[in-house]
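Below you'll find the structure, written out as structure tokens, and then a few comments.
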Amino acid sequence: MSFLKKKKEILKKEWPVVVLLVLFFWIFFKNYVPGTFLIGWDNLLPELNIWMNLKRSVFAGWQEYQGLGLLGGMAHAADLVRQVIILPFVLILPKNLIRYLWHFGMLLLGTLGIYKGLGKLKLKKMASFLGALFYLLNFGTIQYFWVPYEAFSTFWGFFPWLIFGAYELFENWSTRNKKKFLVLNILAIPGFYVPTLFLVYLLSLGIFLIGFLLRRRKGLLKKKSQKLGTMLFWIFLVNFFWLSLFLVFAAKNIKNPQVAFNNIMASEETYQRSQMRGDLLSFLQLRGHYYDFHSGLVPLMSLWQDFFSKGVAEKIIVFLSVFAVLGGVFEILRRIKNKKKVSFLISAFVLFLFCAAGLMSTTVPFSWLNEFVRKISVFDQAFRAPFTKLVVPLVFCLSLFFAYAIESLEKLLEKIKLAKTIRPFLPLFFLFLLIYSFFPVFRGNLFHSQMRNEVPDSYFKLFDFLKKRDREGRIANLPSGSYWGWTSYRWGSAGSGFLWHGIEQPVLDRNFDVWNVENEKYYWELNYSLQSENTVLLENVLEKYSVSYVLFDDNVFFPGQKEYAEISTQSKKMMEEMDSLDLIWSDGGLYLYKNKNVDEEGIYSTNPVKTVEPGGSGNNVDRVFENYDDYAYSSDPEVIYPFADFSTNRLTEELSFNVSA
């Protein structure tokens with residue numbers, strides 16, 4: 001066979017993969033902006049200092065660099081796998097390419113995972129192709145990648161492979177499939193950096209495994225139970241290195257996120273945003289709370305809101321979702337009628353209903369289950385934004401149903417003898433609907449434009465400078481804004497921050513307050529000293545928390561927050577006027593000061609101190625420190641300091657005293 005004939009045969013056989021690759025590369029080249037970093041919102045950037053971050057992931061039990069130090073509330077060790085994967089690329093490619101490659105890689109991986117998995121279920125190529133296309137082009141996927149986050153995109157990319165890998169192993173308990181299942185579960189670990197996604201994976205897989213277990217095969221229940229137990233054992237075994245650390249956090253520190261002020265303020269707001277999208281129509285459109293979120297002064301997804309305002313795309317999306325659900329239901333009924341294997345489809349439908357229960361929070365009867373679950377405080381906190389946790393299994397189920405709907409439509413056309421006439425146009429018709437409904441993606445709008453930025457060289461120069469300094473010295477980063485810990489930069493980025501991915505020294509940033517209330521105490525005291533322009537108080541705060549360096553970033557600004565913009569100007573003047581601070585480095589709007597009052601060698605040394613009663617967690621001023629210098633809390637104190645939390649910024653019910661008439 002000639003070379004050209006071989007190529008034609010391959011193209012004829014694998015045309016769906018070719019078309020999917022063409023569409024993927026179209027999306028890639030339209031959404032990649034040369035010279036920019038994919039940075040902003042929540043992000044992981046270990047490539048800024050890969051060896052340091054690898055070390056942190058290996059020793060992830062205690063997060064020394066996060067503020068005053070804390071037990072990791074996220075599964076920090078889980079990102080070790082991803083860091084090992086990207087290491088060769090970090091060493092040979094520009095750093096700004098790494099996040100692009102990872103997120104686009106996950107986009108391609110998930111799409112091909114659906115296509116290959118549907119093929120294992122014996123679906124025809126056209127149905128598998130359109131099912132994979134649905135997984136790629138739906139509004140759930142758009143929102144998941146709009147503000148890209150490594151855990152989310154990894155979960156999206158590996159979820160189909162994990163479910164179909166388990167199915168394949170259960171069907172054929174071979175050595176090859178065992179190895180494949182183990183490797184997939186190891187590679188997917190970075191998706192569990194957000195631990196609730198691991199719980200979602202276990203619940204999803206559990207539903208399918210129970211379906212496999214209940215197949216009507218006499219005498220095989222014991223054997224199938226052993227398979228199920230072995231698979232679960234392997235999953236927990238490969239995830240144990242990060243899961244054990246997270247369980248320590250859950251046992252010792254789980255209350256911190258629940259009492260953190262920004263979580264107290266955000267939880268109800270996030271829940272209400274989810275409630276706004278808890279209706280049937282939003283569910284069919286796959287719209288979550290991101291759709292209504294505001295980024296600065298404009299909606300986070302204003303571009304998509306404008307696109308959907310024309311109405312046509314919205315109607316198509318609803319049609320495609322309804323078409324998918326009906327396709328799944330009809331296929332289940334058909335298989336039951338014909339006494340064919342139906343366990344996988346029924347499991348998918350149970351998972352679909354589970355996702356519906358989590359997302360349709362204002363729709364009866366799902367709202368009843370929602371209200372019941374939210375009475376459990378841990379679940380209420382973990383699933384306050386159910387969309388980011390449940391949209392992937394939901395889209396997986398809809399993609400599966402969509403593929404079966406296509407096959408059912410083909411059979412219907414054959415029955416009415418229109419297959420030859422219409423069948424060739426069927427993939428083109430649905431291809432057109434899916435591309436038209438999400439055409440902004442093909443024009444460069446897979447990611448929010450605010451996520452693609454050129455990071456000024458001054459930050460990399462700062463990283464290099466600090467490599468030569470004491471690595472134990474804490475850094476206070478200013479200007480200080482609100483307790484939300486959201487930072488906006490004049491060069492375009494906005495998000496929870498990125499400095500600590502390139503700096504080894506601990507950074508006292510608001511991003512870490514949620515995991516340790518002691519970090520939040522520092523914030524209230526710092527902000528009061530800055531607002532009152534009291535340099536003595538500021539010096540006390542820096543000394544109390546052993547702050548070696550103060551980093552002032554003139555690139556930080558506060559859109560829509562005039563009060564913090566004014567405080568920022570005042571703070572810069574205070575830095576310049578304080579005798580205790582020496583400017584040791586500056587470049588591109590970054591100013592690094594050395595605190596002469598803190599001896600770097602003695603930061604973590606202990607001296608005899610006074611013991612006092614435990615005080616409040618949100619004081620403006622620490623009067624105890626003013627009068628006694630360093631102190632320690634004790635139930636049998638040497639000093640009783642009444643009303644120490646009188647000027648708290650926290651909730652009144654947390655006060656150590658009450659006032660009655």
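Results, tabulated for the structure shown:
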quantity	calculated
Residue check, Asn519 open to solvent by 20 Å² or more (accessible area, probe 1.4 Å), of a type in the set (S, T, N, Q) and not in a loop (DSSP other than H, G, I, E, B)	no
Residue within region 73-85 that is buried (at least 21 other Cβ atoms within 10 Å of the Cβ), in contact with a strand residue (DSSP E or B) (Cβ under 7 Å, 6 or more places away or on another chain) and aliphatic (A, V, I, L, M) present	no
Residue within region 392-399 that is modelled with pLDDT under 90 and among the hydroxyl-bearing types (Ser, Thr, Tyr) present	no
Residue check for Trp173: open to solvent by 10 Å² or more (accessible area, probe 1.4 Å) and under 25 Å from Ile98 (Cα atoms)	no
Matching entry among Val312, Val298, Val322 (being modelled with pLDDT of 95 or more and aliphatic (A, V, I, L, M))	Val322
Filtered residue count, region 181-194, keeping only those that are free of Cβ contacts under 8 Å to residues at least 40 places away in the same chain, assigned to a helix (DSSP H, G or I) and open to solvent by less than 60 Å² (accessible area, probe 1.4 Å)	1
Residue within region 198-215 that is among the small types (Gly, Ala, Ser), within 27 Å of Lys341 (Cα to Cα) and assigned to a loop (DSSP other than H, G, I, E, B) present	no
Long-range neighbours under 6 Å by Cβ, at least six apart or interchain, first residue under 18 Å from Glu539 (Cβ atoms) within region 627-641, second open to solvent by 70 Å² or more (accessible area, probe 1.4 Å)	Tyr628/Lys610; Tyr631/Lys610
Residues of region 268-314 that turn out to be over 18 Å from Asn445 (Cα atoms), touching a helix residue (DSSP H, G or I) at 6+ places or on another chain (Cβ under 9 Å) and among the charged types (D, E, K, R), as a count	2
Matching entry among Ile86, Ile114 (being among the β-branched types (Val, Ile, Thr) and touching a Ser or Thr at 6+ places or on another chain (Cβ under 7 Å))	Ile114
Candidate set: region 479-502, residues that are in a loop (DSSP other than H, G, I, E, B) and in contact with a Phe, Trp or Tyr (Cβ under 6 Å, 6 or more places away or on another chain); chosen: the one most open to solvent (accessible area, probe 1.4 Å)	Arg490
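The values are calculated or read from the model by the stated rules, or taken from the named source; none is laboratory data. Small disclaimer: the values here were computed from a predicted structure and weren't measured. Note that we place each Cβ from the backbone using ideal geometry, even for glycine, and neighbour counts take in every protein chain shown. Ligands, DNA and RNA are stripped out before the accessible areas are found, and what is left, the full protein with its side chains, is counted by its heavy atoms. Shrake-Rupley method; radii C 1.70, N 1.55, O 1.52, S 1.80 Å.
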